[in-house]
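Shown next, in structure tokens, is the structure this report addresses.
The values are calculated or read from the model by the stated rules, or taken from the named source; none is laboratory data. The model shown is predicted, which means the values in this text are computed figures rather than measured ones. Note: ideal-geometry Cβ built from the backbone for every residue, glycine included; neighbour counts use all protein chains shown. When the accessible area is computed, the model is the full protein with side chains, heavy atoms only, and any ligands, DNA or RNA have been set aside. Shrake-Rupley method; radii C 1.70, N 1.55, O 1.52, S 1.80 Å.
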2 protein chains.
Amino acid sequence: MPLPKPTPSELDILRVLWRHGPATVRAVHEQLGGGYTTYLKLLQIMAEKGLVTRTEADRAHIYRAVPSEHEVQTSLLGDLMQRAFGGSAAQLALRALESRRSSREEIAQLRAMLDRVEREMEAPAGGLDTTADQSKEKKA
Amino acid sequence: MPLPKPTPSELDILRVLWRHGPATVRAVHEQLGGGYTTYLKLLQIMAEKGLVTRTEADRAHIYRAVPSEHEVQTSLLGDLMQRAFGGSAAQLALRALESRRSSREEIAQLRAMLDRVEREMEAPAGGLDTTADQSKEKKA
DNA sequence: TAGTGTCAACGAAGATCTTCGTAGATCGTC
DNA sequence: GACGATCTACGAAGATCTTCGTTGACACTA
């Protein structure tokens, strides 16, 4: 198994690391509030799980997120898609859009995405690889 | 608080109830495999939580899903949207579509949805600016 | 009526998640 | 060198989730 799915608390921490970059326990703690050792413990567990790495050069260790935000989003979404949408990404997207606000720019992005998806339907890019895992990212 | 978010196991059970309609513990158990009393216990807990109701007329009680599939999907999606996508439904939808297969029909549905969303953006729905919404607001 | 099977109820165990207190090491300062 | 602040490590408690064994009630039947 590549990386475990982060728990809600772990996701909170990852979000801090994605936004602020590598950080100490104290920095995370100050961003999120609550007990200092709570985040120490969580970060230790996350390091065991492989969700973060740490540098022990200084006395206050520096933690870095391992998976990118993109990867985690894809993973969590794949999970929910399987569990609640019968594996249909489109049904999920439909549900996401149906009662919530989006900007014009986002709508334009989505149209472009639909165009792309439709184009790729005609060009057989790969087999029926419907794995729920995060797949390889096309490096830009 | 309306209804709690179903746990993964509870969601499995709800999916059976949505697909098959009201069912006994045995029916759920036969659909999902595993120990009989596991589902008995889960359904009892779900009844306490309000996720299902039950009819005790017969010796084998009949359980019914309380929230619709639609409602649960919306709820779980809203949760994930907040936790992992900074509240952006469009970003979530984009991520859902970017590496997964959808049918032409689903893509057409999505385009229609985008059209609708965009139309609703332009039509202020009523003369009054009843923006009882969450968007831009000067702090009080 | 004794035996077999099905049912709900209950309790408990194990896993995971979250939180925090305490202990011990280290650093800076007086 | 003593003191206080800061840090890691460790353990444990409480909550939730999942699973299952046992018990007692009930029903069918030979």
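Position B:THR7: other-copy label points at 1.3 nm, ordered by increasing distance, label point 7 Å along Cα→C-beta.
Here the label points at A:SER68 and B:GLU48, each 7 Å from Cα along the C-beta direction, are separated by 4.5 nm in the simple model.
Tell me, what % of the accessible area of the protein assembly as shown is carbon and sulfur with a 1.4 angstrom probe?
Values: 8390 of 16700 Å².
It is 50 percent, rounded to a whole number.
Between the Cα long axis of helix B:89-98 and the first principal axis of chain B there is an angle of about 70°, rounded to the nearest 10. Helix A:36-49 and the longest principal axis of the C-alpha atoms of chain A enclose an angle of approximately 60°. 3J(HN,Hα) couplings calculated from phi for region A:66-80 with the Karplus curve 6.51 cos²θ - 1.76 cosθ + 1.60 (θ = phi - 60°) are, in sequence order, 8, x, 6, 4, 4, 4, 5, 4, 4, 5, 5, 5, x, 4, 5 Hz; Gly and Pro show x.
Across region A:15-20, rounded Karplus estimates of 3J(HN,Hα) from the backbone phi angles (6.51 cos²θ - 1.76 cosθ + 1.60, θ = phi - 60°) give 4, 5, 5, 5, 7, 9 Hz, Gly and Pro being marked x. Remark on A:VAL66: its backbone amide H falls under 5 Å from those of A:VAL52, A:THR53, a criterion applied only to residues 5 or more positions apart or on other chains, H modelled at 1.01 Å from N. Between B:THR38 and B:HIS20, the contour length at 0.36 nm per residue exceeds the Cα-Cα span by 4.5 nm. Considering only B:ALA108, B:ALA23, B:ALA96, the Gaussian network model of chain B with Cα springs below 10 Å gives its largest mean-square fluctuation to B:ALA108. Could you state how much accessible area is buried at the A-B interface, both sides summed, with a 1.4 Å probe, in Å² to the nearest 100? Chains A and B together bury approximately 5200 Å². Taking every protein chain into account, the accessible area of chain A amounts to 59 square angstrom per residue (probe 1.4 Å). Ordered by solvent-accessible area of protein heavy atoms (1.4 Å probe), largest first, the residues A:LYS41, B:LYS49 come out as A:LYS41, B:LYS49.
Per residue and in Å³, how big is the convex hull formed by the alpha-carbon atoms of chain B?
Values: hull volume 27.5 nm³, N = 140.
With only Cα atoms used, chain B gives 196 Å³ per residue.
One decimal place: the segment A:GLU30-A:ALA112 gains 25.6 nm when fully extended, by the rule 0.36 nm per residue minus the C-alpha distance.
Straight-line reach from B:LYS41: taking Cα to Cα under 20 Å and skipping same-chain neighbours fewer than 8 places apart, the aspartates and glutamates in range are B:GLU10, B:ASP12, B:GLU30, B:GLU56, B:ASP58.
To the nearest 20 Debye, how big is the dipole of chain B about its Cα centre, given +1 on the beta carbon of each Lys and Arg and -1 on that of each Asp and Glu? Kindly include the intermediate steps, with their values, before the conclusion.
Working: 20 positive and 19 negative charges, 75 e Å.
Dipole magnitude for chain B comes out near 360 debye.
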